[in-house]
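Please read the structure below before turning to the comments.
Just so you know, all these numbers are worked out from the coordinates, no wet-lab data involved. Since we're looking at a predicted model, the values are computed, not measured. All Cβ positions, glycine included, derive from the backbone under ideal geometry; neighbour counts span all protein chains shown.
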Amino acid sequence: MAGIEVSALHKRYPDGTVAVDHVDLSIRDGELFVMLGPSGCGKTTTLRAVAGLERQTTGDIRIGDTLVNDLPPADRDIAMVFQFYALYPHLRTRDNLAFPLRAEGLPKAEVRERVEEAARLMRLGPLLDRRPHRLSGGEQQRVALARALVRRPRAFLMDEPLTNLDAELRADMRTEIKHLQGELGTTMVYVTHDQVEAMSLGHRIAILNKGRVEQIGTPLEVYDRPASLFCAAFIGSPPMNLIEVEVADGKLRSQGGLALTPPPDLPRDRRLVAGVRPEALEVTEPGAEHSVPARVVSAEWLGDEIIYVVDHDGHRDVRVRMPPTVRFAADAPVGLRHTGGPPPVYDVSTEELVA
Amino acid sequence: MALSVDEAVSTGPARDHAPPSRRFGGRGRAVLEVALLTVLAVVMLFPVLWMIETSIKENRDVYAIPAKFFDFKVTMEHFKDVFVASGGGRSTLSASFLNSVLVAGVSTALATVLGVPAAWAYSRFSVKAKKDQLFFILSTRFMPPVVVVIPIFLMYRQVGLIDTKLGLILIYTAFNVPFTIWMMKGFVDEVPAEYEDAAMLDGYTRLQAFWRFTLPLLLPGIAATAVFALIFSWNEFVFAIFLTSSDDVRTAPPAIAGLIGGTTVDWGLVAAASVVFALPVLVFAYLVRKHLVAGVTLGAVRR
């Protein structure tokens, strides 16, 4: 087991595309580290550079104490799980699992023992004699996971392993992966574009955008205080409401008069945007205390909650999360008020967190 | 997902589900269709039928007026003449057939050996100006061969490749490589790169990964591509007639054409030689017919 150190990684393809601009990561030993970002943000390229499947243009990668820049993938002692499973189509499950061990040249008895162990861990018993095309997507991915852990590598690299599974299966596998990683204590780097997956799996999350790291933090840190407007818009479903505000008589005020508790040390000379989570707002009867007038545009009835989209002084897209018992009709005049603590505030021009 | 070529071809015939038009009743329309298709088939297949008939007729039936369609005596003399010279020993035609086999086989093998790795590289790696390179490769096939035959002839004369089998092999390979690259790139694109990635993590080099995992999955595609290349080299006439002159180099197409044009034409021999010449391609095409369709319709089916 080992930590992974990525410093000043830069990857530029021969055709001129810059896939990774500048990435620094310090992944701790035994950590489940998630790289999250939209497609094309450089997360997969970074992972493939760590695996040795891509050679970075500049920058260093260390696994444990070893500088692995020039090591071929096989010598890095890592295992990878792919989005398309990549099980060898002509081999039965048993042989797919044994394959990397045989390639290493382990004695037969040990190969068998390790395959049995991995099969037990991933509950593959009945599938051992089937070929990949006779397995469902979920089964294939379990085999792929087993093939990764049969090697007992120093680190697991996961490249969107659940993207091709349907929603229900995805949730199950998520639990399974998290449990497995906790059990084995092996460092795991997990790439995904799904923020729910990132939040529920990661010990820490790195949010990447345009080949750069926007923020690294625990799921809660990332949720509560996104480091940039990009992170604010990316994390959370529905995402934060980004409301332009001014500082006036000790309060943050939007143009429509919505008052927010200001964080300390606000710079006064810049245009500011406050990031307000939908659950930090409340839809009230019109004219309620501290509320500003608003109008319901639409309501999404999700069963356990209702997401109201309200129109507040031309801001048509303010989203508010309310319990299912609070009901307002579409187009109804309502009040809108802030109930949470001081929201994170961003500079409009730099798009970064200022307070 | 791994997609074998067989899956890429729809198993059933594509049917038109549009309701039969009201003016043409379903039945009347079907009859008309069959009638038209029959006429078309007769027109298309008649030369082939006539070739086969002529090849097994005795000479006096070949020249009979009115032509005999059914009541003629079957003879295999012409086929014997294709392979055996009149004085005994091997005929020049049989030498031409051997030349054709050699030239078409070697040029196809060369084109495959050169084209498949190139297609793999274009599919897998990020190459500078990849699209422009691929377009350039394709563009070499834009012009008809006749256009370049004179310059090629002059160049070949300079380097001593005129009237050699090597010369034909090289020119056919040059024509087949671009085609092989383009057709194979489609097949390689369909094989997920993850197989190679996984194999590399398991301890293989990139080339080993290609050889052991990607290549076996490409075999149907390679077969289809090779058959196309083979058919091209086998049928090629223009270069063969311009670049060769002696009987021991000449391939079958110019050799068969050479049978016509003396004072008398032995049509039975011409027909028999043509049948022998057409057979291998028909057999090959039949064997790989599924893959041929897959090759032609590639890209129409998304995974």
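Computed quantities for the displayed model
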{"read-out": "Rounded to 10°, Cα long-axis angle of helix A:137-149 versus longest principal axis of chain A", "value": "60 degrees"}
{"read-out": "Computed Kirkwood radius, in angstrom, where 1/r is averaged over Cα pairs of chain A", "value": "22.7 Å"}
{"read-out": "Span from the the range A:107-167 Cα centroid across to the the range A:248-310 one, whole angstrom", "value": "48 Å"}
{"read-out": "Three-way shape label, the range A:208-355, alpha-carbon gyration tensor, a/c 1.5", "value": "oblate"}
{"read-out": "Degrees, to the nearest 10: A:108-121 long Cα axis against longest axis of chain A", "value": "30 degrees"}
{"read-out": "DSSP-defined beta bridges in the protein assembly as shown - what % are antiparallel, rounded to 5", "value": "75 percent"}
{"read-out": "Extension gain, B:THR92 back to B:ALA64 (0.36 nm per residue minus Cα-Cα distance, nm)", "value": "7.3 nm"}
{"read-out": "Cα centroid of the range A:31-94 to Cα centroid of the range B:214-249, whole Å", "value": "42 Å"}
{"read-out": "Within the range B:92-297: Cβ-based charge dipole about Cα centre, in debye rounded to nearest 20 (Lys, Arg +1; Asp, Glu -1)", "value": "300 debye"}
{"read-out": "Spatially proximal lysines relative to A:LYS11 (Cα-Cα < 26 Å; intrachain offsets below 8 disregarded)", "value": "A:LYS43, A:LYS210, B:LYS128, B:LYS130, B:LYS131, B:LYS185"}
{"read-out": "FRET efficiency estimate (nearest 0.05) - Cβ-Cβ, A:THR350 to A:ASP172, R0 30 angstrom", "value": "0.10"}
{"read-out": "Residue (of A:SER200, A:VAL310, B:PRO216) at the positive-pole extreme of the protein assembly as shown, dipole from beta-carbon charges", "value": "B:PRO216"}
{"read-out": "Most mobile of A:GLU246, A:GLU113, A:GLU160 in a GNM of chain A (Cα contacts under 10 Å)", "value": "A:GLU113"}
{"read-out": "Using θ = phi - 60° and Karplus 6.51 cos²θ - 1.76 cosθ + 1.60, couplings along the range B:205-210 (whole Hz; Gly, Pro as x)", "value": "7, 4, 5, 4, 4, 4"}
{"read-out": "Average Cα contact separation per residue, the range A:149-296, under 8 Å, 6 or more apart, as relative contact order %", "value": "13 percent"}
{"read-out": "Partner lysines for B:LYS73 [C-alpha distance under 18 Å; skip if fewer than 8 residues away on the same chain]", "value": "B:LYS57"}
{"read-out": "Anisotropy class of the range B:42-128 from Cα gyration tensor, a/c 1.5 cut", "value": "oblate"}
{"read-out": "Cα gyration tensor shape for the protein assembly as shown, rounded if a/c is under 1.5, else prolate or oblate", "value": "prolate"}
{"read-out": "Cα-based helix-to-principal-axis angle, A:167-184 vs chain A, degrees rounded to 10", "value": "60 degrees"}
{"read-out": "Charge dipole magnitude, Cβ of K and R +1, D and E -1 - chain A, Cα centre, debye nearest 20", "value": "1200 debye"}
{"read-out": "Within the range A:238-347: Cβ-based charge dipole about Cα centre, in debye rounded to nearest 20 (Lys, Arg +1; Asp, Glu -1)", "value": "100 debye"}
{"read-out": "Cα lying deepest toward the dipole's positive end in the range B:19-83, options B:LEU49, B:VAL39, B:HIS78, charges on Cβ", "value": "B:VAL39"}
{"read-out": "Positive-end extreme of charge dipole, the range B:92-297 - chosen from B:VAL113, B:VAL238, B:PHE179 (charges on Cβ)", "value": "B:PHE179"}
{"read-out": "Phi to ³J(HN,Hα) by Karplus 6.51 cos²θ - 1.76 cosθ + 1.60 over the range B:168-181, Hz, x for Gly, Pro", "value": "5, 4, 5, 5, 5, 4, 4, 7, 8, 4, x, 4, 4, 4"}
{"read-out": "Paramagnetic reach from A:THR261 (point 7 Å along Cα→Cβ, amide N under 19 Å) across the range A:332-350", "value": "A:336-346"}
{"read-out": "Residue-averaged [θ]222 nm for chain A, counting only DSSP H segments that reach four residues, each worth -39500 (n - 2.57)", "value": "-7000 deg cm²/dmol"}
{"read-out": "For chain A: relative contact order, % (alpha-carbon pairs under 8 angstrom, 6 or more apart)", "value": "16 percent"}
